[in-house]
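S.K.: I am attaching a structure below and will ask some questions about it afterwards.
Read the figures in this text as sums done on the coordinates, not as results from a lab. These numbers were taken from a predicted model, which means no experiment stands behind them. A quick note on method: Cβ atoms are made from the backbone with ideal geometry, for glycine too, and the neighbour counts reach across all protein chains shown.
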Amino acid sequence: MGEQAIGGILAHAPIGEDGPWPGFPARDILDRAELSQMRTGFEVGTFNKRGVTSRAMDEGGIQERDLADQCRRNATGLAASHPHLAESLERIARGYECDAKRHDDDAALNQERY
């Protein structure tokens with residue numbers, strides 16, 4: 001649990017000076033092979049730090065697709081140097097895509113109702 005808690009804190013790390021998120025030294029810590037529980041905490045913390053969202057009834061998952069794209073760009077930028085972290089960022093992107101699909105389905109149902 002301690003590693004997961006630290007991972008949740010590292011989800012708030014700033015963007016790196018070289019562009020990808022998270023910046024140094026968070027990415028170096030999160031990429032250590034033995035710290036899979038910390039990466040799990042980082043993934044959960046990334047989702048949780050977003051907080052509550054709102055949208056128009058017919059908006060769908062646009063917000064989540066934008067976040068998935070950002071995570072994918074970061075994963076691509078870090079894949080060669082930080083493969084474990086890039087894998088976590090890819091999992092986060094897939095999670096946002098699942099949320100986007102759910103919001104798309106909700107928007108479609110709302111359109112049918114109204």
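S.K.: Considering Cα pairs under 8 angstrom that are at least six residues apart, work out the relative contact order of the chain and quote it in whole percent. Before the final figure, lay out each step's value.
M.R.: Working: 149 pairs, mean separation 32.3, N = 114.
Averaging sequence separation for qualifying contacts and normalising by length gives 28 percent for the chain.
S.K.: Given the options Arg50, Arg32, Arg94, which has the most mean-square fluctuation in a GNM of the chain, springs set between C-alpha atoms less than 10 angstrom apart?
M.R.: Highest fluctuation of the listed residues: Arg50.
S.K.: Neighbour counts of other C-beta atoms within 10 Å: give me Ile6, Ile62 arranged from fewest to most. The partial results should precede the final answer.
M.R.: Details: Ile6 17, Ile62 14.
So the residues, fewest neighbours to most, are Ile62, Ile6.
S.K.: By average Cβ neighbour count within 10 Å, what is the ranking of 73-79, 107-113 from highest down? Could the numbers behind the result be given before it?
M.R.: On the way: 73-79: 18.6, 107-113: 11.4.
The peptides rank, most packed first, as 73-79, 107-113.
S.K.: Taking only DSSP H segments of four or more residues, each worth -39500 (n - 2.57), what value at 222 nm results for the chain once the sum is divided by all its residues, to the nearest 500 deg cm²/dmol?
M.R.: Working: 5 runs with 75 residues, N = 114.
Calculated from helices alone, the mean residue ellipticity at 222 nm is -21500 deg cm²/dmol.
S.K.: So, one more: Using 0.36 nm times the number of residues separating Met57 and Phe24, minus their current alpha carbon distance, what extension gain do you get?
M.R.: 8.0 nm
S.K.: List the GluC sites (Glu not before Pro) within region 52-110 that fall in a DSSP loop (any state other than H, G, I, E or B) and whose Cβ has at most 15 other Cβ atoms within 10 Å. List each step's numbers first, then the result.
M.R.: Numbers: sites: Glu59, Glu64, Glu87, Glu90, Glu97; in loops: Glu59.
Filter output for region 52-110: Glu59.
S.K.: Which chymotrypsin sites (Phe, Trp or Tyr not before Pro) does region 1-109 hold that lie in a coil by DSSP with at most 15 other beta carbons within 10 Å? Please report the intermediate quantities before stating the final value.
M.R.: Details: sites: Phe42, Phe47, Tyr96; in loops: none.
Here no chymotrypsin sites (Phe, Trp or Tyr not before Pro) fit, given the DSSP loop and packing criteria.
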